[in-house]
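**Q** Following this message is one structure expressed as structure tokens.
Bear in mind these aren't lab numbers, they're just calculated from the coordinates by the rules spelled out. All values derive from a computational prediction rather than experimental measurement. Note that we place each Cβ from the backbone using ideal geometry, even for glycine, and neighbour counts take in every protein chain shown.
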Amino acid sequence: MAEKDLKDLADLKAIFRLSSTKSPSEVTLRSAEWAIITQIDGHKSIGDVAEILALSTDEAINLFNGLFQKGLIEILSVAKEEKKQVPLSFFEKLSEELTKIIGPVAPYLIEDTLWDMEIKKEECDVRKIPEMIEAISEEIPDELKRVQFQKVMLEEMKNLESA
Amino acid sequence: MADRWLKEVNKVDGVEGVFLASSKGKILGKLGTLYPQDTLEKLITHLQRIIAAFQVAGKNATEIEFYWEDRYVICKHSANFLLVTFCKSAKVLSLLRITLNVVLANILEDKKFAKISSSNAIDKTIALRKGFFESDEQLLISKLK
């Protein structure tokens, strides 16, 4: 099981316990990994630990993944959160709005951002969208245009949530 | 007045409270669960000093974010006012930052609010000349020089 990537197995609701066969003192750990170890109690989920340690979702999952690969933690329960998928029409709207702001490079910027965030359009979770919009916004140098883009996309995000 | 916009921020999941303060330190509007008035005033002074320190150094800090008492504090500011939000969850920070940018732009377009906030405006650098500095404030100012 440890050979598999944790990212495929669990998400923020997964709960872990410390390994009964391997102790953290047997390996060298970074301070962030130690911080995770101190929080694992068989009750807190990845999401809970991320919140307590002020980690982003990706940071937390990567750190848990590292500890899992080292055999220091074991999965206690995997209650995969239900993903709400983003419809492809959202990306069309995104491309259309971004093109109005930055011109024909918009689709390339969207593709680059998706690539950086390891997101596939076909299976994109709604919860990833604000982070993606924020990352794209950072590439808009004009402050007024950036806010204009965020205004439109904020409305689109609200529509996604209510859909 | 700006209540509509404060509501917009406050309804983001994980946001506990939000307030608007003039650069004089007067609270112009608030919503949600917030700290007592005196704590908020101390916080405003602290934020004003950070903004002023950057201003004196010829830099512009448009947004200040820090983690304080188990909460994320995000302060957006314009020439005449501060918009300060307390948020419990890291998961919503991206959505919250986007919402705050949009809300700030909308508040700036509100002529009625602009009138009130400008009548309560003050040169932020005055905050740097008042009272004693705490060690972390001194450290920041020395780094900016």
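**Q** Compute the signed sum of charges (Lys and Arg +1, Asp and Glu -1) over the other residues within less than 12 Å, Cβ to Cβ, of B:Lys76.
**A** Overall, the nearby charge balance is -1.
**Q** Ok, one more. Using a 10 Å cut-off around each Cβ of peptide B:78-90, what is the average number of partner chain Cβ atoms that fall inside?
**A** That works out to 1 on average.
**Q** Beta carbons within 10 angstrom, averaged per residue: use that to sort the peptides A:138-151, B:39-52, B:80-93, highest first.
**A** Packing order, densest peptide first, comes out as B:80-93, B:39-52, A:138-151.
**Q** Averaged over its residues, how many other protein chain Cβ atoms are within 10 Å of peptide A:129-139's Cβ atoms?
**A** 3
**Q** If only Cα atoms are counted, what is the Rg of the range B:41-122, and what is its Dmax, in Å?
**A** 13.3, 37
**Q** Over all Cα pairs of the protein assembly as shown, how is the pair count split among 10 Å bins, expressed in % and running from 0 up to the last occupied bin?
**A** Histogram of Cα-Cα distances, whole percents per bin: 5, 22, 27, 25, 16, 4, 0.
**Q** Something else: With equal scatterers on the alpha carbons only and no solvent term, can you work out the Debye log10 of I(q)/I(0) for chain A at 0.08, 0.09 1/Å?
**A** Reported log10 I(q)/I(0), two decimals: -0.32, -0.40.
**Q** Going by average Cβ neighbours within 10 Å, how do the peptides A:61-70, A:103-112, A:33-42 rank, with the highest at the top?
**A** Going from most to least packed, we get A:61-70, A:33-42, A:103-112.
**Q** On to the next question. Using the membrane-span-like helix rule (whole DSSP H runs, Cα extent along the own axis of at least 24 Å, mean Kyte-Doolittle hydropathy at least -1.0), which helices of chain A qualify?
**A** Qualifying helices: A:143-162.
**Q** Enter the mean number of other protein chain beta carbons within 10 Å of the beta carbon of each residue in A:145-155, as an integer.
**A** Mean partner-chain Cβ count within 10 Å for A:145-155: 3.
**Q** Please identify the helices of chain B, taking whole runs of DSSP H, that span at least 15 Å along their own axis as judged from the Cα atoms and have a mean Kyte-Doolittle score of 0.5 or higher.
**A** Counting only whole DSSP H runs, the qualifying helices are B:93-109.
**Q** Please state, to two decimals, what the Cα-based radius of gyration of chain B comes to when divided by 2.2 N^0.38 Å (N = residues).
**A** So chain B has a normalised radius of gyration of 1.00.
**Q** For a quick check: sort A:Ser19, A:Ser31, A:Ser95 by the number of other beta carbons within 10 angstrom, fewest at the front.
**A** Lowest to highest Cβ neighbour count: A:Ser31, A:Ser95, A:Ser19.
**Q** Inverting the mean 1/r over all pairs of different Cα atoms, compute the Kirkwood radius of the range A:88-137 and quote it in Å.
**A** After inverting the pairwise mean of 1/r, the radius is 10.9 Å.
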